[in-house]
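The values are calculated or read from the model by the stated rules, or taken from the named source; none is laboratory data. All of these numbers come straight from a predicted model, not from anything done at the bench. Positions of Cβ are generated from backbone atoms using ideal geometry, with glycine treated the same way; all protein chains shown enter the neighbour counts.
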Amino acid sequence: MSGIARKTTSDPVTAGAVLSKAVARAAERLDVSRSLLAKVLGVSPATVTRLYSGGYQLDRGRKEWEFALLFVRVFRSLDSIVGDETTARLWFKSENRGLGGRPIELVRSAEGLVRVVQYLDASRGLV
């Protein structure tokens, strides 16, 4: 499941390209639809289509940047805990008593996305 960029850079153009690719790959690996990714990032479905085609890069100065970082963090935390794509997808789509819902539904809101990140961070600390 690896392959999500871990490189950091101070160049905003390169950073935007790296995060844009990372968020698209994370969504693909978690089997998140483009329409749901648009909701997670707070952008239009057309913007997500352009993001996938390389015609749009996330902007560090916008809220979408923060949401993308959180979403990639969900993927990376989940990857480090379960280690395989099938299990990660199953976990992401299943009811979770600790979270009080299904992660795939919770990430639609900023509050839910943060809750999922915090839950996974705490779980990863136990591994």
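Could you list, in sequence order, the residues of the stretch 86-127 that are outside any helix (DSSP H, G or I), closer than 16 Å to VAL72 by Cα and in contact with a helix residue (DSSP H, G or I) (Cβ under 7 Å, 6 or more places away or on another chain)? VAL107, ARG108 - these are the residues of the stretch 86-127 that are outside any helix (DSSP H, G or I), closer than 16 Å to VAL72 by Cα and in contact with a helix residue (DSSP H, G or I) (Cβ under 7 Å, 6 or more places away or on another chain).
State yes or no: is PHE92 within 16 Å of ALA22 (Cβ to Cβ) and under 14 Å from the mean Cα position of the chain (by Cα)? In short, no. Here GLU111 clears all of (1) of a type in the set (Asp, Glu); (2) modelled with pLDDT under 95; (3) over 13 Å from VAL32 (Cα atoms) except the condition numbered (2).
Going through the stretch 1-46 one residue at a time, which ones are part of a loop (DSSP other than H, G, I, E, B), at pLDDT 95 or above and surrounded by fewer than 16 Cβ atoms within 10 Å (Cβ to Cβ)? Of everything in the stretch 1-46, those that are part of a loop (DSSP other than H, G, I, E, B), at pLDDT 95 or above and surrounded by fewer than 16 Cβ atoms within 10 Å (Cβ to Cβ) turn out to be ASP31, SER33, GLY42, SER44.
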